[in-house]
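For reference, the structure is listed below as structure tokens.
Rule-based calculations on the coordinates, nothing more; no lab input. Since the model is a prediction, treat every value here as computed from it, not as a measurement.
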Amino acid sequence: MSEERPDANPLEDAAADLSADLEGERVEVKESSVGSVRGGHVSMSHSATRSVNAQALNMTDSAAGFVRTKSLEMRDAGIGCAASQETTVHNSGIGLLAAGQIKAEEVWTGMLCAGKVEGNVKTVLSPLSALALGAGFGLVLLLLRKLLGRKTAKHS
């Protein structure tokens, strides 16, 4: 059990924990296109990248293919596929987003899986509609297989 000092500041412990989480270096990408970016805190402005792996990512007027981060903040940006614990999005689009928590202001997604959503999010596929779409696709494949199986059996 740890001893509490009367002069100890609890914010120092929180700051130390946050600093430990932001491992890696700070990376800034401005007005360029790069293959992949990896860092503790990545800041992108008017740029594009294939993939980003960071503790924290801040994107403005940028695009990324795949993103994996603990904290994502984006404005007027686009991402193909993203996984993030905490996400704040302003006027942006994400094809597939898996997030623990999302705060959104005018966001378009193809599919969203999130624990908590606040704000205006327009999603093409909800988990229920994705399940229905998958079941329908499977049924069509099953019917095609049976139809094609009958044609080949008759010709044998």
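Extension gain, VAL117 to ARG75: 0.36 nm times the residue separation minus the Cα-Cα distance gives 13.4 nm. Globularity index of region 44-156 is 1.44 (Cα radius of gyration / 2.2 N^0.38 Å, N = number of residues). For region 24-69, the Kirkwood radius over C-alpha pairs fed into Stokes-Einstein at 10 °C and 1.306 mPa s yields D = 161 µm² per second.
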